[in-house]
Structures are given as structure tokens and as C-alpha cells.
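The values are calculated or read from the model by the stated rules, or taken from the named source; none is laboratory data. Computed from a predicted structure; not experimentally measured. Counting neighbours? That spans all protein chains shown, and the Cβs are built from the backbone with ideal geometry, glycine included. For accessibility, only protein heavy atoms count, side chains too; no ligands or nucleic acids. Shrake-Rupley method; radii C 1.70, N 1.55, O 1.52, S 1.80 Å.
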Amino acid sequence: MAEILALAGANLLSPMVLCFVLGAVAAVIRSDLEIPEAVAKGLAIYLMLAIGMKGGLALAKTGGGNVAASLAMAVALSFTLPVLAYAVLRAMRALGPVDAAAVSAHYGSVSIVTFVTAVEFLGARSTPYDGILVAMMAAMETPAIVTGLLLARRSLGASAPKSPQRRSHLLREVLANGSIVVLIGGFVIGWAAGPSGMKKVEPFMVDIYNGMLCLFLLDMGLVATRQLRSAQGLTARLIAFALVMPPLNAAIGFAAACLLGFGVGSTALLATLCASASYIAVPAAMRLALPQARPAIYITLSLGVTFPFNVAIGIPLYFAIAERLAG
Amino acid sequence: MDIHRRKKIEIVVESGMVPDVVEWLVAHGVKGYTTVPKVSGFGRQGRRQTEEISRVFENTLVIAIAPEETARLILAESVERLRDYAAIVYLSDVEVARPDHF
């Protein structure tokens, strides 16, 4: 217990998390601080490319382990985690079926920024991880959306027709969205270029990575807090859900990591992936496919509550447990 | 110069739906359109804003000019088509010089 607190304390004092806190404070005092959208998007592209490349490089260096099993597990997790979230929401009587389906899709999917922050946490502790985790993250983004829509269809029934054009837009949004393209592309590039190739971009892709992450988390602190403040329809029950679901999902991640025989770093990352909730890709898909669900609910829960929880408390917690399980 | 009357169709819609809306307009024979991205405001869906991590709260303005019959058809269809989305649709009268362009 003391060890977990020590880890959490050290995490909270890292510049990255402190920048997140700064952003949150700025939002609370209603500062007009604004990271221009183009800058935020540029930072996001940089982070996705860098994390993709890091993962591909790690895979090239250490070989695959069981790539197919890991990816299959990732897809299976993404398909099934929403079912648990849906069951919890409905049991708590926290939301109606359509909103619950939309929220559960978010919790089955992943937050790339949470992953990136966790990778940095591991790096600060010189804990290695398997590069395949990056590919697993990419694989985990989408299946949860399908499950969420299936869960919603049960209650929407016949009143949910979707034209073929809308379906193709949804498909394109979900499979070809910018983040996924850069992430997977970066992964392939890192793997193909290998250590000698990646050395050429090290000053940009590695050395300044943490600084860029600071800026990005500053923006995240601003945006997440503003979202939380402006949200209507949030109940105490929903906030409780958004705090309870990450550790619950992390537990499933630990089980999966044990099955796959992962080391400490990879175990911590898989738990983090399961515990994280999407707030960019899944909301966009939900607007197209499930417009009856309320974005104010699902975005606020995943961005305003779960994301800060994972960054401040979750990541060190999952790492401590991973050390016990796989160390 | 001859003046020709047409209707201007303006659709303020959530940005994710723009490809869908644009395809729909073109399917009705609308010959062209203009999109004004990243507009913000307020409505029944709450605050619409643009400086956000997710584009889900962002609006786009789509402007098209069409003959009256087409415009009224589009307006009528929009009720059902855009029912669940953040959208408003309205028509106004305009005059153009090149009738074959609209």
C-alpha cells in the first residue's frame, strides 16, 4: 500500500502530469489559455507517429512473442469489455439503454494518450515492454464500437435504419481515421527501419518526446476540465461508474496479460489499455451511428473523469499490481 | 442583365454529418455547394464549439443554391433525415445571373 502511494506521489510530481494539473487549474480559474487547435492536432500527430515508431522498433528488436495470439486477445478484449460496462451501467440504473450502449463502447475502446503517458511512466522506471502492445492498441480501438452498436440495436429495434452511404462513412471514419493511419503507419515504419534507421530520427522522435507530451497534457487538462464543467446530465452515479470501471477493466487486462505470459511492463500497459476509454474516435463513430445517444454524457465520462483518473492514479496503480503479478 | 430567382439552402449541421449532407444534396441535383467549417453557437443540442479535442461538438455551415422546387424538397426531407443530429435547415430567396449554374 505504501509502495502504491509512493508510486502515485512520484507520478503526480512528473512534469507531464503536473502540466495536466496546470491545464486543469487554468480551466478552473477560467483562464483564457487556449492551445490552438492546429497545434493540438500537430502534437497529436507527433505523439501517434512517435509511439507507433517506438512500438515497431521494439518489436523489431525483440521479436514477436506470439503476435497472433496477442492481437487476437486484443480484439477479443475490445469486443467483450463493453458488455461488462453495459451490464454495470444498467445494474446501477445510471443510464437508459441507448446512452449505456454508447458509453460502454467508449470503455471497451482505448485512449492513445493514456497509453502514451503509461509508456512514459515505464520509461522513467526503465521498465521495458513488448512492441506488440502498440499494435494491440490499434486493434482495440474499433471492435468495441461494433459491440456498442449491437447493444443499442437491441433497444432501438426497427427504428434505426442506416443508409448504405452512412454505413460507408462510418466505416471510413472508424478504419481510416487519421490517428489510426499514423499510428499503424508509424508502427510499420519503426519495425521496417529498425534500430539503425530510427537512430536518424532519435533527436526528434525520442529526445523531445517528453516535452511534447507535456504540452499535449497541458491541453488535455484544459479540455478535460472544461468538458467536466460544462456537462449537463452527469449524476453522482455516472461519476462513480467512470471511477470504478477503469480498475474493473484493468483487472480483466491483468488476467489477459497473465494468459499471454507478459512481463511487468506489458502487463501494466495491457491493463492500462483496458482501463482507458476513448474520447475521440468512438465519439465520432457514435455521432454517425447512434445519434440518439448524448455526447455530453459519454465524452464527459471518458474525457472528464476516467482520463484524469487513469493519468493521476490508475497508471501507477496498475504498474504496482503488474509488478506483483509478473515481477 | 436577366435576373433569375433561386432559393439559397443553408444547413448548419454537426461536422461529422457533412459528407452525408453533401452527398444528399448532390443526389437531388444540386450543382454545387460551399462549406464554411468550424462554426460555433448554441442550440437544442447544447453549446456548439470548435476548440475541442473531439470534433463532436463542432458545426459546419453548408450553403447551396437550387431551384425552388428542389429546395423545398430538400427542406421537407431534412426533417426526417437530420432528426437525430445537431442541424438546422432554412431557405431564403436569392437572385443569380447564370441560371444554368444553379
Self-check item: the stretch A:284-300 residues that are closer than 12 Å to A:L95 by Cβ, paired with ones that are of a type in the set (K, R) (beta carbon under 9 Å, 6 or more apart)
Solution: A:A293/A:R287
Practice problem: Say whether the condition of being without any contact (Cβ under 8 Å) to a residue 24 or more places away in the chain and either open to solvent by 80 Å² or more (accessible area, probe 1.4 Å) or more than 26 Å from A:P97 (Cα to Cα) (or both) is met by at least one residue in the stretch A:226-243. | Solution: yes
Self-check item: Test: residue in the stretch A:201-212 that is surrounded by 14 or more Cβ atoms within 10 Å (Cβ to Cβ) and within 14 Å of another protein chain (Cβ to nearest Cβ)
Solution: no
Quiz item: Is it the case that some residue within the stretch B:6-14 is under 20 Å from A:A38 (Cα atoms), at pLDDT below 95, at the interface with chain A (Cβ under 9 Å from one of its Cβ atoms) and not in a strand (DSSP E or B)?
Solution: no
Practice problem: Scan the stretch B:40-68 for residues that are more than 9 Å from chain A (Cβ to nearest Cβ), surrounded by 15 or more Cβ atoms within 10 Å (Cβ to Cβ) and over 13 Å from A:Q227 (Cα atoms) and jot them down. | Solution: B:E58, B:N59, B:T60, B:L61, B:V62, B:A64, B:I65, B:A66, B:P67
Quiz item: Among the residues of the stretch A:305-327, how many are within 14 Å of another protein chain (Cβ to nearest Cβ) and either surrounded by fewer than 24 Cβ atoms within 10 Å (Cβ to Cβ) or of a type in the set (K, R) (or both)?
Solution: 1
Self-check item: 1 or more residues among the small types (G, A, S) and open to solvent by less than 10 Å² (accessible area, probe 1.4 Å): qualifying helices (runs of 4 or more DSSP H) within the stretch A:33-150
Solution: A:37-62, A:67-91, A:97-108, A:112-124
Exercise. Test A:P283 against the criterion of being part of a helix (DSSP H, G or I), at pLDDT 95 or above and within 19 Å of A:A105 (Cα to Cα), and give yes or no.
Key: no
Practice problem: Go through the stretch A:222-256 and give me each residue that's within 15 Å of the chain's Cα centre (by Cα) and modelled with pLDDT under 95. | Solution: A:A224
Quiz prompt | From A:A176, A:A158, residue being exposed (fewer than 12 other Cβ atoms within 10 Å of the Cβ), under 18 Å from the mean Cα position of the chain (by Cα) and modelled with pLDDT under 85 | solution = A:A176
Quiz item: With A:A94, A:A101, A:A87, A:A68 as the choices, which residue is without any contact (Cβ under 8 Å) to a residue 60 or more places away in the chain, more than 14 Å from every other protein chain (Cβ to nearest Cβ) and closer than 15 Å to A:M245 by Cα?
Solution: A:A87
Quiz item: Out of (1) open to solvent by 40 Å² or more (accessible area, probe 1.4 Å); (2) over 22 Å from A:L171 (Cα atoms); (3) modelled with pLDDT of 95 or more, the odd one out for B:A97 is which?
Solution: (3)
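May I ask you to verify whether A:S266 is among the small types (G, A, S), crowded, with 24+ Cβ neighbours inside 10 Å and within 12 Å of another protein chain (Cβ to nearest Cβ)?
Spelling it out, it is not the case that A:S266 is among the small types (G, A, S), crowded, with 24+ Cβ neighbours inside 10 Å and within 12 Å of another protein chain (Cβ to nearest Cβ).
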Quiz item: Quick one: what pairs do we get from the stretch B:29-55, first residue over 16 Å from B:I88 (Cβ atoms), second basic (K, R) and open to solvent by 80 Å² or more (accessible area, probe 1.4 Å), C-beta under 7 Å, 6+ apart or different chains?
Solution: B:T50/B:K38
Practice problem: For residues that are in a helix (DSSP H, G or I) and facing chain B (nearest Cβ under 9 Å), scanning just the stretch A:286-297, find the one that is nearest to A:Y129 (Cα to Cα). | Solution: A:M286
